[in-house]
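A short worksheet on the structure shown next.
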Amino acid sequence: MKLTPTSDIWMDGKFVAWDEAQVHVLTPSLHYGWGVYEGIRAYPTARGTAVFRLRDHLRRLHDSARVYLMDPGHSVDELTGASVELLRRTGLGAGYLRPLVYLDYGTMGVAPRLDSARVAIAAWPWGSYLGEKAEQEGCRLAVSSWQRNGVHSVPPLAKATGAYVNSALAKVAAVRAGYDDALMLTPGGHVAEASAANVFAVRDGVLFTPPVSDNILPGITRDTVITLARELGHEVREQSLTRSELYVADEAFLTGTAAEIVPVASVDDRPVGAGGCGPVTRRLREAFGDVVHGRTDTHDDWLTYV
Ligand code: PPE
């Protein structure tokens with residue numbers, strides 16, 4: 001996915017031209033992966049551009065920073081204002097926001113100085129994360145030989161930059177083997193999640209998704225889908241799943257900010273249900289589309305209008 005530059009990037013309270021948003025090559029965040037970030041989407045609505053669950057994402061950014069002992073130095077309110085202002089300046093009607101908390105250059109060694117946190121927010125247009133074909137016809141997943149980061153190694157609930165070498169190893173291997181994405185397991189063999197998205201299975205109208213204790217990032221889209229599914233009358237169970245339970249599901253789908261809701265066509269070459277997008281997944285995608293585009297006011301509190 002090639003980046004499309006926009007006009008400005010917000011850095012520590014100032015707007016900087018895209019090409020001038022530089023950091024020193026010796027920042028410890030680059031060397032040791034000590035940084036945290038978020039991914040947030042903005043959508044066009046009848047009332048202008050709206051950012052979806054902005055405060056929830058920025059709160060998670062603060063939570064992730066706390067796990068990594070960094071103080072972003074800007075409150076959730078300040079970062080909300082900066083995000084909105086950035087979208088105004090860049091003129092993006094829809095797109096992706098990427099806040100990043102990282103360490104300033106100045107020390108080296110694996111115990112970096114943690115009181116030098118810097119914050120940047122960039123925004124750019126971002127289309128389909130897994131590709132148009134996967135979005136329409138479903139993605140092909142393969143269980144990865146790489147285990148998902150665990151609570152004893154790299155805490156899965158914090159969105160740390162360095163943690164993504166784990167996701168990247170799995171995703172690169174899956175793509176090289178001809179799949180769209182990797183399905184990562186816990187050391188105990190439970191399904192955790194895809195490389196950058198949570199996973200759901202549907203059987204007899206009931207939704208199943210792995211619990212936070214199975215090494216997932218507790219996704220905001222996951223939470224959105226749980227809420228919408230219950231409103232549509234579905235039972236939702238957060239419980240451990242094995243890969244075989246996905247093989248025999250009626251439907252399965254992935255959720256994430258970048259990915260949105262993507263049907264799963266197959267897992268390890270076993271077609272899930274009838275393949276393609278099943279009826280429950282379709283209904284949830286419609287409900288999600290209505291909410292993010294402000295076509296319903298039931299969840300207007302999830303939208304921050306630019
Ligand atoms: N698990 C992981 C590991 C993950 O990275 C994401 C989001 C999710 C679950 C879903 O979380 P949420 O976006 O709150 O529903 N991945 C982000 C980054 C992708 C990327 O850097 O590439 C995203 O979707 O923005």
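The values are calculated or read from the model by the stated rules, or taken from the named source; none is laboratory data. Bear in mind that the values here come from a model prediction, so they are computed numbers and not experimental data. Heads up, the Cβs are rebuilt from the backbone with ideal geometry, glycines too, and the neighbour counts pull from every protein chain shown.
For the range 144-202, a tally of residues being hydroxyl-bearing (Ser, Thr, Tyr) and more than 14 Å from the chain's Cα centre (by Cα) returns 5. Contact annotation: residue pairs with Cβ atoms under 8 Å, 6 or more positions apart or on different chains, pairing a residue in the range 155-168 that is in the same structural domain as Thr186 (by TED's automatic domain parsing) and closer than 20 Å to Asp56 by Cβ with a partner that is basic (Lys, Arg) and within 9 Å of the ligand (Cβ to nearest atom), are Pro156/Arg148; Lys159/Arg60. Close contacts from the range 1-14, counting a first residue that is within 26 Å of Leu130 (Cα to Cα) and a second that is of a type in the set (Asp, Glu) and assigned to a loop (DSSP other than H, G, I, E, B), with Cβ to Cβ under 8 Å and a gap of 6+ residues or different chains, come to none at all. Residues in the range 46-60 that are away from the ligand (no atom under 14 Å from the Cβ) and touching a helix residue (DSSP H, G or I) at 6+ places or on another chain (Cβ under 8 Å): Thr49, Ala50. Scanning the range 251-272 for residues that are out of contact with any Pro (no Cβ under 9 Å at 6 or more places or on another chain) and farther than 12 Å from Val199 by Cα returns Thr257, Ala258, Ser266, Asp268, Asp269, Arg270, Pro271. Residues considered: Ala196, Ala177, Ala192. Of these, the only one that is farther than 23 Å from Arg53 by Cα, within 10 Å of the ligand (Cβ to nearest atom) and of a type in the set (A, V, I, L, M) is Ala192.
Residues are listed down the side, and each one gets a yes or a no for (1) farther than 25 Å from Leu157 by Cα; (2) in contact with a Phe, Trp or Tyr (Cβ under 9 Å, 6 or more places away or on another chain):
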{"position": "Asp223", "(1), (2)": "no, no"}
{"position": "Val236", "(1), (2)": "no, yes"}
{"position": "Val248", "(1), (2)": "yes, no"}
{"position": "Ala259", "(1), (2)": "no, yes"}
{"position": "Val264", "(1), (2)": "no, yes"}
{"position": "Val280", "(1), (2)": "yes, yes"}
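Within the range 248-272, which residues are surrounded by 17 or more Cβ atoms within 10 Å (Cβ to Cβ), without any contact (Cβ under 8 Å) to a residue 60 or more places away in the chain and not in a strand (DSSP E or B)? Ala249, Asp250, listed by residue number. Residue count for the range 1-56 satisfying the condition of being part of a helix (DSSP H, G or I) and loosely packed, with under 14 Cβ neighbours inside 10 Å: 2.
Reported count of residues in the range 279-300, each being over 15 Å from Gly48 (Cα atoms) and part of a helix (DSSP H, G or I), is 11. Inside the range 106-144, can you point out the residues that are over 30 Å from Glu251 (Cα atoms) and aromatic (Phe, Trp, Tyr)? Passing the criteria: only Trp124.
Here is a yes/no grid of residues against (1) of a type outside the set (A, V, I, L, M); (2) assigned by TED's automatic domain parsing to the domain that holds Gly188:
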position	(1), (2)
Leu228	no, yes
Glu238	yes, yes
Leu241	no, yes
Tyr247	yes, yes
Ala265	no, yes
Cys277	yes, yes
Thr298	yes, no
Val306	no, no
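Does the range 86-97 contain at least one residue that is surrounded by 17 or more Cβ atoms within 10 Å (Cβ to Cβ), of a type outside the set (A, V, I, L, M), out of contact with any Asp or Glu (no Cβ under 9 Å at 6 or more places or on another chain) and modelled with pLDDT of 95 or more? Yes: the range 86-97 contains one or more residues that are surrounded by 17 or more Cβ atoms within 10 Å (Cβ to Cβ), of a type outside the set (A, V, I, L, M), out of contact with any Asp or Glu (no Cβ under 9 Å at 6 or more places or on another chain) and modelled with pLDDT of 95 or more.
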